[in-house]
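Engineer: Take a look at this one; I'll ask things after.
The values are calculated or read from the model by the stated rules, or taken from the named source; none is laboratory data. All values derive from a computational prediction rather than experimental measurement. Cβ atoms come from the backbone with ideal geometry, glycine included; neighbour counts cover every protein chain shown.
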Amino acid sequence: MYTSLLLQTDNKICTITINRPDKLNALNKTVLDELNGALDEVQHDPGIRSVIITGAGPKAFVAGADISEFKGLNKEQAMAMAKRGQDTFARIENSTKPVVAAVNGFALGGGCELAMSCHFRIASENAKFGQPEVNLGLMPGYGGTQRLVQLIGKGRALELLISANTIDAATALQYGLVNYVVAPGELLNKSRAVLDGINSKAPLAIAGCIKAANTVFDEKTDGYALEIREFGNCFDTEDMKEGVAAFLEKRKANFKGE
Ligand code: COA
């Protein structure tokens, strides 16, 4: 069904692998279209509770938007391309099912932007992050100027954006861009282990946390008011009754997402 993605679901975790290793998994139009299709599948499949996004091969997560598609674009076409990328990544950021980026090598340009749109990031020791667009006479267009500042602060973000420098995994960890750094062979195991823990919690409460945390960067929404509403909504769920009952009965809760 997909030509540039691999999808595999095990134990309620859907792993989406961007599969163009000969082009370092660069994001072309097909990859973006297929990512949207995969996000539809994730959203509608009750058997999926969380997602890992990673890249095929040992070298790259995603080495950027596909530069070969830039040639000959006019301003309007370039803006439409950026809009398409931003809309796709906003879907990831706003997914009510947790999405983790498992960064297995270069995460440059659109690859760094894709990783940053995920709810958090786990990196292998050989990961490299950067926004090298200024090398091409360009700047990020898939949300990189916004999310990099959100995640690592303006000073560090602007240095990366305007110098085109890349940072290694240890520096990304120190900056707070990634949550863990592990050996390359452990990357998917670690990502699955973290998500297994998350998948044992109440899905509707998790969705509320994601929605509320995302409003911090949304000037139009009062995050505190939204938190009150989402907190109240939890009390209408079977999962909240189950969670409280399980605690009082000293047993493990069994959450159904209801
Ligand atoms: N778009 C299109 N193709 C890309 C690409 C991108 N962003 N990044 C890598 N590729 C392709 C290369 O053109 C090459 O294809 P070819 O074998 O058909 O010539 C293949 O992937 C392998 O890349 P190569 O450059 O040979 O690997 P390397 O190990 O020498 O260098 C990088 C790796 C990541 C440093 C280098 O590929 C690079 O700088 N890529 C572009 C990064 C970038 O600027 N991203 C932001 C884009 S807006």
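Engineer: Would you pick out the residues in segment 21-75 that are under 27 Å from Gly137 (Cβ atoms) and polar (S, T, N, Q)?
Structural biologist: Asn25, Asn28, Thr30, Ser68, Asn74
Engineer: Then there is this: Check Ala205, Ala172, Ala213 and return the single one that is part of a helix (DSSP H, G or I), farther than 30 Å from Pro58 by Cβ, hydrophobic (A, V, I, L, M, F, W, C) and touching a residue at least 12 places away in the same chain (Cβ under 8 Å).
Structural biologist: Ala205
Engineer: Okay, next question. Does segment 94-110 hold any residues that are hydrophobic (A, V, I, L, M, F, W, C) and over 18 Å from Ser191 (Cα atoms), and which are they?
Structural biologist: The answer is Leu108, and nothing else.
Engineer: Can you pull out the residues in segment 120-152 that are away from the ligand (no atom under 11 Å from the Cβ) and of a type in the set (Val, Ile, Thr)?
Structural biologist: If we filter segment 120-152 for residues that are away from the ligand (no atom under 11 Å from the Cβ), which is where we start, we get 120-127, 129, 143, 145-152.
Across segment 120-152, the qualifying residues are Ile122, Thr145, Val149, Ile152.
Engineer: Now a separate question. Filter segment 229-248 down to the residues that are outside any helix (DSSP H, G or I) and surrounded by 12 or more Cβ atoms within 10 Å (Cβ to Cβ) and list them by number.
Structural biologist: Thr237
Residue-wise test of (1) away from the ligand (no atom under 16 Å from the Cβ); (2) farther than 28 Å from Phe217 by Cβ; (3) assigned to a helix (DSSP H, G or I); (4) at pLDDT 95 or above.
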{"site": "Tyr2", "(1), (2), (3), (4)": "yes, yes, no, yes"}
{"site": "Leu7", "(1), (2), (3), (4)": "yes, yes, no, yes"}
{"site": "Leu32", "(1), (2), (3), (4)": "no, no, yes, yes"}
{"site": "Gln43", "(1), (2), (3), (4)": "yes, no, yes, yes"}
{"site": "Lys71", "(1), (2), (3), (4)": "no, yes, no, no"}
{"site": "Met81", "(1), (2), (3), (4)": "no, no, yes, yes"}
{"site": "Arg84", "(1), (2), (3), (4)": "no, no, yes, yes"}
{"site": "Ala107", "(1), (2), (3), (4)": "no, no, no, yes"}
{"site": "Cys112", "(1), (2), (3), (4)": "no, no, yes, yes"}
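Engineer: Now a separate question. Filter segment 48-101 for residues that are buried (at least 19 other Cβ atoms within 10 Å of the Cβ) and of a type in the set (Gly, Ala, Ser) and give the result.
Structural biologist: Ser50, Gly55, Ala56, Ala60, Ala63, Gly64, Ala65, Gly85, Ser95, Ala101
Engineer: Would you point out the residue of segment 45-69, among those that are of a type in the set (Val, Ile, Thr) and within 16 Å of the ligand (Cβ to nearest atom), that is farthest from the chain's Cα centre (by Cα)? Full working, then the answer.
Structural biologist: First pass over segment 45-69, keeping only residues of a type in the set (Val, Ile, Thr): 48, 51-54, 62, 67.
From the residues that got through so far, the ones that are within 16 Å of the ligand (Cβ to nearest atom) too are 62, 67.
Details: Val62: 12, Ile67: 22 Å.
Among those residues, the one meeting the criterion is Ile67.
Engineer: Could you please let me know if Asp22 is acidic (Asp, Glu), crowded, with 17+ Cβ neighbours inside 10 Å, within 16 Å of the ligand (Cβ to nearest atom) and at negative phi?
Structural biologist: no
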